[in-house]
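First the structure, in the form of structure tokens, and then the observations on it.
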Amino acid sequence: MSARALGRLLVTWVLATAVACVVVHRAFALDVDEAQPREVIASVWREGRVVARAVVTRAGEHAASLDEAASASGATLVYESVVAEGPVVVWPEAALSLSFVPGRDGLSATFAGRTTYVTPDDLLAKQAYDHGITLSSMQITTGLDLPLALAAATEALGVSARDLLEHGVLRRIRVTRTVAGASVPRAITADSLDASEVRRAAVAMGRYLARGVDEDGRFRYLVNAPTNQTLPGYDWPRHAGATYFVAQIAGLTGDADVGFAALRAGALLRDHALLHCGDLRCIGEEDSPVADVGSTALAVLAFVELARTHLDDGYALLVPELTAFLRAQQRADGELMHLYDRRAKRPVDVQLLYYSGEAAFALSRAHGLLGDARDLAAAVRALEHLIGPAWSFFGSQYYWGEEHWTCQAMDDLWDRAPASTRETALEFCLGWQAYGRQLMYGPDDSPLDADGAYGVGPIVTPHLTPVGSRSEAGLATLEAARRAGRPGEELAVLDRQMRRSLAMLLRHQLPGRAYLFVDPTAIDGAMPGSEVDWQLRIDYAQHTGSALVRWLALTPTPTSVSAPGDNK
Amino acid sequence: MLSRRAALVFGIADLLTAAAVGLGVFVALPARWWPVDSAAAVLTVLEVAAGAALLSRATWGERAARAASAVALALGLFLVTVLAATASWLSGVYGPVGAGGAIILTLVAVMALPYLVVLPVVELVWLQPPPRAGG
């Protein structure tokens, strides 16, 4: 082929590809018309289930079957107006699974002249979003759970899924919701965020966790919110972290029920997880040969908080035994050996995510309570390692991980660490937050309510817990930066970043659309995994709640300074 | 006849392309899918053969390089078209893809371009058989 012919081929290819892109985009983009809904699906929900449904022409229209069902106690009438619809790709299956925007798009299925709808509310109640495709290596689960979604359609149409896929027509529908008799709640934004709202949300999170503490002191570790079922699994580090947060809320409110819950949870740690690690004490499972630094560090945080808030001063007596274990796990360079072999009675020099930062923070908090200089020295050495050798590699100035304890330790140590250490730590933490801003969704970056969340691309629904934990660290950084006398413009940027994140978290606090839950009061105040993932693990509320408590404790400064670079 | 220097450059480039395709598909991709795997396997074998033949100055080296380049170009153009259409589909379904999403999609496309479009075009132009004598 001559060079001229090759050139012509490439030009033709560029033009053809451009045309193909335009055609594909236009074919699948929705033409949303909220003023003229195509159809309105009216559903009566009761205890998380649809008890009556009819297709009507406009929101507010009455139908006998709906009115009767809606008059029952605890029933909610919801109108989902179909404001747009469009085609879907049915092959490959992954493309079909990815053809629906989580929480926004539902499915219409037509077979032999009959049409049924599987609405976004149906899919949320079934927890079908973000359960379609799992990429284990990237720890991502995305897309619609097709068997679950199709089952709802095939059941209504009386056909098999295979028949529906081969001979039926599937389309995606975009809906807007109207709840009969309910006013539209005011959206919480970065600008509207205020202390009373944040306090209310934090207390609700604490009360949610406290309600789940049983008489033995065990949390409802993992809950499927729509059905209010407790799922299997447990974990001491998260138990300790949740205890720390519940104690924070007890201290903030003086609520006796929350305080007793914190004490029961603390007692479980003390009576059932406090082990011998050689001559010292640590936290772990009695029948496990290995104990870890993370469980012990978070237990120190919990015990310090129980003592600091005077829920039970006696917990202060346990702290020195545990910090002695943490110090014994520390290497000469400040790094910690994260595991301990209880049979061989020696540390195992491996490093796991978060543990060193947790230990630095715990040692600092312990020193704040008891004043043992050895704890302070160990905390400072751990911090110096974390902001130095532990994060020093080619490209480390351009990349940060998810570790969110180091900056909390930096803030906690601010008045006690050497000036050079805290300045270096502050630079490290400000750099991490700046990196986070680059990964932050703006209001127009996603079809989801994601302004203030972290992530890339539209397909993966942003998870809320990383927002909560990064906010804990970001607010600690903001407080330290204020004490360091950083310029107002620099503070304003970080302040704005935190406000956007906290506002987003508050917008997603449950129960939200309460009618989709079997028992909305049981999950009131909880934090879900994401906008559409309504499994509730105890650390979800803990990280977000602790961030809110930090925001409430921030040194008050004017927030009217404009935020350069706040372009999202 | 291809110069020694050109044979060396194209030979190494073909081997690098084989490594990039082989590692990219069989190591970096998290799942196996026969259309992608088989195309990558064919291209890897062709590029290795072309690279080795050019470096060893085999008589069939230029023909092998032209064949490998033609296959690479066809696959590269198809891949970029599919990626671009996929991005268009995603933006149609989801609306805004955000700066992060756009950067990722662009990076993936740009990573394929040097190996699967630019290099094959240069090789195909450079390795054109000489025009036949008129008459």
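The values are calculated or read from the model by the stated rules, or taken from the named source; none is laboratory data. From a predicted model like this one, the values you see are computed outputs, not experimental measurements. Virtual Cβ from ideal backbone geometry, glycine too; neighbours counted across all protein chains shown. Surface areas here come from the heavy atoms of the whole protein model, side chains and all, with no ligands, DNA or RNA. Shrake-Rupley method; radii C 1.70, N 1.55, O 1.52, S 1.80 Å.
Figures for the structure shown
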quantity	calculated
Given (1) out of contact with any Ser or Thr (no Cβ under 8 Å at 6 or more places or on another chain); (2) surrounded by fewer than 20 Cβ atoms within 10 Å (Cβ to Cβ); (3) within 14 Å of chain A (Cβ to nearest Cβ), index of the condition B:S56 fails	(3)
Segment A:52-101, residues that are part of a loop (DSSP other than H, G, I, E, B) and within 15 Å of A:P37 (Cα to Cα)	A:T57, A:R58, A:A59, A:G60, A:E61
Output for segment A:33-45, where each listed residue is surrounded by 12 or more Cβ atoms within 10 Å (Cβ to Cβ) and of a type outside the set (D, E, K, R)	A:P37, A:V40, A:I41, A:A42, A:S43, A:V44, A:W45
Filtered residues of segment B:59-83 (kept if assigned to a helix (DSSP H, G or I), open to solvent by 30 Å² or more (accessible area, probe 1.4 Å) and not aromatic (F, W, Y))	B:E62, B:R63, B:R66, B:A67, B:A70, B:V71, B:A74, B:L75, B:L79, B:T81, B:V82, B:L83
Identity of the residue in segment B:67-103, within 9 Å of another protein chain (Cβ to nearest Cβ) and in contact with an Asp or Glu (Cβ under 7 Å, 6 or more places away or on another chain), that ends up modelled with the highest pLDDT	B:P96
Only listed residue being closer than 19 Å to A:R537 by Cα, assigned to a loop (DSSP other than H, G, I, E, B) and either among the aromatic types (F, W, Y) or within 13 Å of the chain's Cα centre (by Cα) (or both), chosen from A:A526, A:A522	A:A526
Condition met for A:A417 (more than 30 Å from B:G92 (Cβ to Cβ), hydrophobic (A, V, I, L, M, F, W, C), more than 9 Å from chain B (Cβ to nearest Cβ) and surrounded by fewer than 16 Cβ atoms within 10 Å (Cβ to Cβ))	no
Qualifying position, being under 30 Å from the mean Cα position of the chain (by Cα), part of a helix (DSSP H, G or I) and at pLDDT 95 or above, among A:A378, A:A359	A:A359
Check on A:R486, open to solvent by 20 Å² or more (accessible area, probe 1.4 Å), assigned to a loop (DSSP other than H, G, I, E, B), away from chain B (no Cβ under 14 Å) and at pLDDT 90 or above	yes
Every residue from segment A:99-121 that is under 30 Å from the mean Cα position of the chain (by Cα) and surrounded by fewer than 21 Cβ atoms within 10 Å (Cβ to Cβ)	A:G103
Residue among A:T189, A:T176 that alone is crowded, with 16+ Cβ neighbours inside 10 Å and assigned to a strand (DSSP E or B)	A:T176
Check on A:I140, within 14 Å of another protein chain (Cβ to nearest Cβ), over 24 Å from A:A52 (Cα atoms) and surrounded by 17 or more Cβ atoms within 10 Å (Cβ to Cβ)	no
Contacts under 6 angstrom Cβ, first residue in segment A:220-234 being on the phi > 0 side of the Ramachandran plot, partner in a strand (DSSP E or B) and surrounded by 15 or more Cβ atoms within 10 Å (Cβ to Cβ), 6 or more apart	A:G233/A:L222
Check on A:L306, buried (at least 16 other Cβ atoms within 10 Å of the Cβ), under 26 Å from A:D216 (Cα atoms) and at pLDDT 95 or above	yes
Residue selected from segment A:432-461 under the condition surrounded by fewer than 20 Cβ atoms within 10 Å (Cβ to Cβ) and part of a helix (DSSP H, G or I), by the criterion farthest from the other protein chains (Cβ to nearest Cβ)	A:A434
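Results for (1) loosely packed, with under 14 Cβ neighbours inside 10 Å; (2) basic (K, R); (3) at pLDDT below 95; (4) more than 15 Å from B:L124 (Cα to Cα), shown as yes or no for each residue.
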residue	(1), (2), (3), (4)
B:M1	yes, no, yes, no
B:R5	yes, yes, yes, yes
B:G11	no, no, no, no
B:D14	no, no, no, no
B:A20	no, no, yes, yes
B:L23	yes, no, yes, yes
B:V27	yes, no, yes, yes
B:P30	yes, no, yes, yes
B:W33	yes, no, yes, yes
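Here's the yes/no breakdown for (1) open to solvent by less than 40 Å² (accessible area, probe 1.4 Å); (2) not acidic (D, E):
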position: A:M1; (1), (2): no, yes
position: A:E47; (1), (2): no, no
position: A:V55; (1), (2): no, yes
position: A:A70; (1), (2): yes, yes
position: A:S81; (1), (2): yes, yes
